[in-house]
Structure formats: C-alpha cells, structure tokens
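Step one of this worksheet: look at the structure below.
Nothing in this text is a laboratory measurement; each read-out follows from the coordinates by a stated rule. Owing to the predicted nature of the structure, the values given are computational and were not obtained by experimental measurement. Don't worry about glycine lacking a Cβ; one is built from the backbone with ideal geometry, like all the others, and counts go over all protein chains shown.
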Amino acid sequence: MVFALIASAKNKKLKIITKSDLHKAKITIQSVALVVVFILLVAITPIEALANEEPPFLYTIRVPFNVSEDITAETADGFVVSIGKIKALPQTTRWPSYSASAWGKPGEVCASAVNALHMLVSIEKEKGRTLSIIPSETIAPAAGAGASVVVTSQAGTGIFGAWAPPVGSKIGVLKKDAKEIHPMSINNLPKKGDTLIITVLKETYGYMAEIENRPGGRVIEWSKNGYRLIGRVIRPLAGTGRFDGTLFQKTGALRANHCGVIDFSSSPRGVIGGFQIIPWDHALSSKEMQGSWDMTQWMIIGPADGKSMMGGTAPLFKGILTPGPSEGESLWDIWSTYGKKSLILARVNGGAWQKFPEVSGRNDFALKEITHLKIYFPFTDEPAVYK
C-alpha cells in the first residue's frame, strides 16, 4: 500500500494519507474544476450576448396610409407627438433611383434630408428602388413622380427635422387589422389603410469627425476611446454651390445625409448655398458625380486603407447624421433638443475653431482658406450619463 505522511498545520500531528484518500481528493478537484468552468461560461455568455445586442430603442415614427391622418413619433417612455398629416399617398415606387441608394439595405432608410426621406425597397440589377416621403411645399427630384407620401410638415421640420430618422433606420409595415409588423420589401409595400413604421435606435459612433481640408488630409473620428483614422481627403473643398435643399436649412447645419453624401448648408434658411462631402465610390462610379473631380463644391474622401468601400458605411454615410431640430422645434427634453442639432465648425488658415462662414449661391473659391472641418455627431442624453 502506498501512503504519505503530512503534518497538520493546526495540531502538528502526523496523518497517514492512503491511496483511497488521494482518489477521493482527485474526484473532488475534478468536481471543483467543472464548477469553475461552468461559472466562467455563465459569466462570459452575457458579455458575448451584449456584444451582439442591438442598440437601445429611441423612438418610432408611424406613417398611416390614410389621407388627413396624423404622422406620430413615440419615444421609448411613451411620449407621443404629432409631426404632420398625410396629404397624398404614393401610386408607385421609383426605379432606378439615384445611384447611391443601392448602397443601402432594403427595408431601411437610405436618405434623410430637410426636403425628403428616401426608403430603399429593393435592389434590382444593381439599382435601387425607392419609396419617399416629401413635404408638400417643395419638390424633391430624387423622389420621382408619384413615388412619395406627401405630408403637410414644413421642409426642415418634423420628420425632415427634429424627428428625422438616420440612414439605416429599419422600416416595417403593419397591415390593416394585423398585429405583427413585417419588414418593408418589394413584396410587402404599404397600401391604403396600412401603417409604415420607422424604428430609430440610439446609435453611438463617438462625438465628432475632424477633417483636414487638404489632399491626403486625415478624417478622424473622436470618441471616449480616443481617436480613430477613418479616411483621407482625396480632393479638398474650396467653394459653394446651388444645392436646392439648402433653401430649407440654416448656415452650418446638415441639409442631407445618404449612403453617398453629406450635404451642409452655407447659407441662412430661405437662401440657397452649400457644399457636399462624398465618398470616392460615388465620385468614381456614379455617372451624375463625374463633375465632382473638376469642381470645387465637393470634397472627395476615401477610406483609411485606400481600398475599402466607403459609401453606405458608418459614421459618415450611415447611422447617425440627421438635419436635426430647426428653430423653434423641440424633442422630449432639453438634452435631446440640444444634442440633435446638426453643426459643422471650421478653421480658417489654421486659426481657432469658428462658426461656418455664411456664403450663398455658387462661389467657386469662397472656402479656399478653410483648413479644417469639424462635424459634431448628434446625441440625446445628458453628457454626464452619455455612454
């Protein structure tokens, strides 16, 4: 028989350990090991689940397909507000739609602007098919004839302002007398009596993007984790142009964001003037954007790695940028009202940050002295609790 002698630390007595005792100890150790593994698995699983969780729900927009009914927005805590009425219903969808619409995902918002909201229905032959929502006071050429829900909201307000959903927001259809919502698609388009439902989530992509306005200039995203290089400037900005929708936005605020453009107003509301930032994909492959290589009203940016697709990617061309509240508009509290206002600042000749200069109409070299741009990302929580 094999045995061992060990000293007891408590009474200093010797104790004989037999082979049987060692066998029992081995079983005990194995049991403890299994318990430890189990605890670790239980602890790790929620972390993995959280990593794959969707961002928190922020609000929904309900668009009833009945003339004269209210469009409503409802927050997670039950705050409900009317943001317009239905004036006319669409008779069709638009195909082919504008080029960059095909970089979105079917069943999602693919453009959010002061004068239109475009939703991607499907991608057919590499071209997007869209359904739009537009204000009655203006025409949005990209919407297409008869392919829009026309609403009474003023351009730049309501669903085109404070409550504008960002690119990538999910779109569902609640059929008349049905209880379940299903994603919008070519085979599930809303009809009279149905309700279109847009879900907005609380996405977080940092605090702002800073752009060095020179060839090769850095495009940097700033967040609580520091900075991240997300792109490079290929062609810098130098001038302003007559982008029609800027008529409905103030100086230094976002006019539109879609999978292939960031459009800012450089003129006060009621006056036309602005500029655009576009991804190299749009400048290279879209027929309507070939002039951007020769004109000064467009800044062209590319990905940090020099080869990836940039159109339709967050945070610049999907996920967070919206026109924000216009003068006099408010959301559910002071922080959401303030935080969702869109804003771009500029540095002239490397000087201090300042409000974006006011320039109207086409002026090819009005912005040639701007050396840096800073685009602030919207937020809805008080900064002290912003995560």
Rounded to the nearest 5, the percent of DSSP beta bridges in region 57-201 running antiparallel is 90 percent
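For 182, 118, 258, what's the fewest-to-most ordering of other Cβ within 10 Å of each Cβ?
Values: 182 13, 118 32, 258 27.
Listed from fewest to most nearby Cβ atoms, that is 182, 258, 118.
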With the Cα gyration tensor of region 255-301 giving a ≥ b ≥ c as the square roots of its eigenvalues, does the rule (a/c under 1.5 for rounded; else a/b larger than b/c for prolate; else oblate) give rounded, prolate or oblate?
prolate
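Just want to confirm a number: the relative contact order over the chain, from Cα pairs under 8 angstrom separated by 6+ residues, in percent. Don't skip to the end; give the middle numbers.
Details: 995 pairs, mean separation 55.0, N = 387.
Reported as a whole number, the value is 14 percent.
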What number in nm² do you get for region 329-375 if you take the convex hull of its Cα atoms and divide its surface by four?
4.4 nm²
Mind checking the full-extension length gain between residue 105 and residue 89? Use 0.36 nm per residue of separation minus the Cα-Cα distance, one decimal, nm.
3.4 nm
Amide H contacts of residue 356 (H built 1.01 Å from N, under 5 Å, at least 5 apart or other chain)
346
Against the longest principal axis of the chain, how steep is helix 19-52, in degrees 0 to 90 to the nearest 10, with axes from Cα atoms?
10 degrees
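When the chain is fully extended, how far beyond the present Cα-Cα distance does residue 284 get from residue 124, taking 0.36 nm per residue of separation? Intermediate results must be reported in sequence, preceding the final value.
Values: separation 160, 0.36 × 160 = 57.60 nm, distance 2.07 nm.
Taking residue 284 through residue 124 to full extension adds about 55.5 nm, to one decimal.
Give me 275, 248, 379 ranked fewest to most by other Cβ atoms within 10 Å of their Cβ, as a rough exposure proxy.
On the way: 275 28, 248 25, 379 17.
Ranked by crowding around the Cβ, least crowded first: 379, 248, 275.
Between residue 207 and residue 304, what is 0.36 nm times their sequence separation minus the Cα-Cα distance? Round to one decimal in nm. Don't skip to the answer; put the middle values down first.
Values: separation 97, 0.36 × 97 = 34.92 nm, distance 1.90 nm.
Taking 0.36 nm per residue and subtracting the Cα distance, the gain is 33.0 nm.
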Using a Gaussian network model on the chain with a 10 Å cutoff between Cα atoms, which of 66, 225, 188 fluctuates the most?
225
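For 359, 67, 109, 348, what ranking results if the residue with the fewest other Cβ atoms within 10 Å of its Cβ goes first?
Working: 359 19, 67 12, 109 28, 348 15.
Starting with the residue having the fewest Cβ neighbours, the order is 67, 348, 359, 109.
Students often get this wrong, so check it: of 127/355; 224/307; 125/175; 250/287, which have C-alpha atoms separated by over 32 Å? Write down the numbers at each step before the final one.
On the way: 127/355 38 Å; 224/307 27 Å; 125/175 28 Å; 250/287 30 Å.
As for pairs spanning more than 32 Å Cα to Cα, those are 127/355.
In nm², what is the average projected area of the convex hull enclosing the Cα atoms of the chain? Intermediate results must be reported in sequence, preceding the final value.
Numbers: hull surface 119.3 nm².
With every direction weighted equally, the projected area is 29.8 nm².
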Quick check on region 208-385: of the DSSP beta bridges with both residues there, what percent are antiparallel, nearest 5%?
90 percent
